[in-house]
1. Looking only at helices (runs of 4 or more DSSP H) that lie completely in segment 112-216, which have at least 1 residues being aliphatic (A, V, I, L, M) and in contact (Cβ under 8 Å) with a residue 60 or more places away in the chain?
2. Any idea how many residues of segment 17-40 are within 11 Å of the ligand (Cβ to nearest atom) and either among the small types (Gly, Ala, Ser) or exposed (fewer than 12 other Cβ atoms within 10 Å of the Cβ) (or both)?
3. Of (1) surrounded by 14 or more Cβ atoms within 10 Å (Cβ to Cβ); (2) under 30 Å from Pro3 (Cβ atoms), Leu132 satisfies all except one. Which?
4. Can you pull out every residue in segment 161-216 that is within 30 Å of His89 (Cα to Cα), of a type in the set (A, V, I, L, M) and surrounded by 15 or more Cβ atoms within 10 Å (Cβ to Cβ)?
5. Before we move on, is Arg96 under 17 Å from Gly73 (Cβ atoms) and over 16 Å from the mean Cα position of the chain (by Cα)?
6. Out of all the residues in segment 114-128, which are surrounded by fewer than 13 Cβ atoms within 10 Å (Cβ to Cβ) and under 24 Å from the mean Cα position of the chain (by Cα)?
7. What residue, of Ile59, Ile5, is in a loop (DSSP other than H, G, I, E, B), within 12 Å of the ligand (Cβ to nearest atom) and buried (at least 18 other Cβ atoms within 10 Å of the Cβ)?
Amino acid sequence: MIPTITAFERSPDRGKGLARDMRVRWALEEVGQPYDVRLLSFSEMKEPAHRALHPFGQIPTYEEGNLALFESGAIVFHIAERHAGLLPHDANARARAVAWMFAALNTVEPPIVDREIATLMERDKSWYEERLAILEDRVRSRLDELSSRLGDADWLDGAFSAGDLLMVTVLRRLNGSGILQEYPKLSAYVARGEARPAYKRAFDAQLAVFAAASTG
Ligand code: GTB
């Protein structure tokens, strides 16, 4: 059965692959699962039909037969559980890969999103520069720790896993901030993720949506 995911009809990131459908597309590409995409406008995302799938009126969602899921992490986990290639077979290694999935979404992404929201919503405030410096220091603390743990390894814990997939997509949200460039090991880690053929296919697919919406 071919799953259907939802994505922005016109992504505000202009095809840079920063919206959270990208991680789901990438996971599906890694495991070789074809998928359909239903594109939504901002107003469609808030209508009852979509809220029945996603209580918060957001993308991405995932439908497969009588299963409907929301939350990109839960969707990637579901894909990783159902297909080989994104989680190790060994039970302990698998548990550690899942821990990295949570770490990406629960420990590393929040300070990155806090910074991003400040740059989008708080630029006109008198205290903006002071707050931005605080938020960027919080991001740097996490990146210091992550970079130390990664060291010279290619991936966070052995072979590439769903933990790496999520962590790379989270770190990419720093694009344009200049912060990631302060961390050569993490920059190389993100580049390794982006070099994967499955990543490229997912990136091209979401970019094609933006390109079509821009010419149409
Ligand atoms: N925790 C949920 C998940 O992981 O699935 C969060 C889902 C979420 O934030 N979805 C966003 C959304 O639907 C799109 S990805 N927003 C519309 C709304 O809430 O009304 C977040 C996002 C949006 C845009 C950019 N960008 O332009 O760079 C990056 C990330």
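Any read-out appearing in this document is the output of simple, stated calculations on the displayed coordinates, not a laboratory observation. Computed from a prediction, not measured in an experiment: that's the story for all the values here. Cβ sites come from the backbone with ideal geometry, for glycine too, and all protein chains shown count toward neighbours.
1. Numbers: elements: 128-150, 162-172, 184-194, 197-215.
Answer list for segment 112-216: 162-172, 197-215.
2. Matching residues across segment 17-40 total 2.
3. Evaluating Leu132 over (1) surrounded by 14 or more Cβ atoms within 10 Å (Cβ to Cβ); (2) under 30 Å from Pro3 (Cβ atoms) leaves (2) as the failure.
4. If the condition is that a residue be within 30 Å of His89 (Cα to Cα), of a type in the set (A, V, I, L, M) and surrounded by 15 or more Cβ atoms within 10 Å (Cβ to Cβ), then Ala162, Leu165, Leu166, Met167, Val168, Val170, Leu171, Leu186, Val190, Ala198, Ala202, Ala205 are the ones that fit.
5. In short, yes.
6. Step one: filter segment 114-128 for residues surrounded by fewer than 13 Cβ atoms within 10 Å (Cβ to Cβ), giving 117, 120-121, 123-127.
Those that are surrounded by fewer than 13 Cβ atoms within 10 Å (Cβ to Cβ) and under 24 Å from the mean Cα position of the chain (by Cα): Ile117, Leu120, Met121.
7. The match here is Ile59.
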